[in-house]
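Written out below as structure tokens is the structure these notes cover.
The values are calculated or read from the model by the stated rules, or taken from the named source; none is laboratory data. Keep in mind it's a predicted model, so treat the numbers as computed, not measured. Cβ sites come from the backbone with ideal geometry, for glycine too, and all protein chains shown count toward neighbours. These area figures cover heavy atoms from the full protein model, side chains too; ligands, DNA and RNA do not enter into them. Shrake-Rupley method; radii C 1.70, N 1.55, O 1.52, S 1.80 Å.
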Amino acid sequence: MRTHKKIYLLFAASTAVVVILFVIVFMQLGVLNSHVKNLEANFQIALTSGLSTSTTPVIASSSTGTSTPSVTGKGTGIVIPTSIAFVATSSPALQPQAPITFTVQDITQEPDGKILVHVSASSDRAQGYSATDPKQFFQIVNLNGPNKNADASDGAWASMPPQSTVQGTVIFQLDPSQTSVILQVGDGSNITFYQFDFQTKTYKSIVLG
């Protein structure tokens, strides 16, 4: 009788050990499966990040003063850095209107004759969203006829968050053989003139009248 009882106890102990081992193996398989899934997910994320490249800069501003990059690059043209700045009132399209501070970062002449005015605008004194059109603040002076207006511009000018900076480009198309230009800056009674020489890569303020 005692022999049978020992056999039963041994069988029960063996069964318990097998069950415990089975549970341990099952848990380890679950952990391994989780690791495999994590590795697969990380691989997919890495693959997606490696293959996803943006060819168009993001146009986005924030109230903390994020700058938005210009869509038009400087290319291989002649670049003349400037320290030109002026203040103009925002467009009535968004109310209330506010003073907008414009800064001309540089003027670039491309080989095809394009004149790129790289400009940034700060809405640091605006209480809400504001709008502007930088094309209206720049002209190429023609001493023998009407001034030339800008042909195009890029930048997120239609909805500028308060206390932010937006960057963009005002574009003129001129004769590629033209080696100097007179740029009119500002509007109304706040107009100034600057002469740019692309041969010497210099500019200076001038008075016309």
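Being open to solvent by 40 Å² or more (accessible area, probe 1.4 Å) and under 20 Å from T76 (Cβ atoms) narrows it down to one residue among Q178, Q139, Q97; which is it? Let's see the steps before the verdict.
Values: Q139 fails: under 20 Å from T76 (Cβ atoms); Q97 fails: under 20 Å from T76 (Cβ atoms).
Going through Q178, Q139, Q97 in turn, the sole match is Q178.
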Test of understanding: among V117, V87, which residue is buried (at least 20 other Cβ atoms within 10 Å of the Cβ), in contact (Cβ under 8 Å) with a residue 60 or more places away in the chain and of a type outside the set (S, T, Y)? V117
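Is it the case that P111 is touching a residue at least 60 places away in the same chain (Cβ under 8 Å), under 26 Å from the mean Cα position of the chain (by Cα) and exposed (fewer than 13 other Cβ atoms within 10 Å of the Cβ)? Give the derivation first.
Working: touching a residue at least 60 places away in the same chain (Cβ under 8 Å): yes; under 26 Å from the mean Cα position of the chain (by Cα): yes; exposed (fewer than 13 other Cβ atoms within 10 Å of the Cβ): yes.
Here the answer is yes, as P111 does meet what is asked.
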For the structure I just gave you, tell me whether G145 is outside any strand (DSSP E or B), under 27 Å from V207 (Cα atoms) and open to solvent by less than 50 Å² (accessible area, probe 1.4 Å). yes
Which residues, counting only those in segment 148-164, are surrounded by fewer than 20 Cβ atoms within 10 Å (Cβ to Cβ), part of a loop (DSSP other than H, G, I, E, B) and modelled with pLDDT of 95 or more? D151
Before we move on, is T64 on the phi < 0 side of the Ramachandran plot and modelled with pLDDT under 50? yes
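Kindly evaluate S123 against the criterion of being touching a residue at least 40 places away in the same chain (Cβ under 8 Å), surrounded by 16 or more Cβ atoms within 10 Å (Cβ to Cβ) and in contact with a strand residue (DSSP E or B) (Cβ under 6 Å, 6 or more places away or on another chain). I'd like the intermediate steps shown before the answer.
On the way: touching a residue at least 40 places away in the same chain (Cβ under 8 Å): yes; surrounded by 16 or more Cβ atoms within 10 Å (Cβ to Cβ): yes; in contact with a strand residue (DSSP E or B) (Cβ under 6 Å, 6 or more places away or on another chain): yes.
Criteria met by S123.
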Enumeration of residues in segment 171-205 that are closer than 20 Å to A93 by Cα and either in a strand (DSSP E or B) or in contact with a Leu (Cβ under 6 Å, 6 or more places away or on another chain) (or both): G186, D187
What's the number of the only condition in (1) closer than 23 Å to G77 by Cα; (2) touching a residue at least 60 places away in the same chain (Cβ under 8 Å); (3) among the small types (G, A, S) that A156 fails to meet? (1)
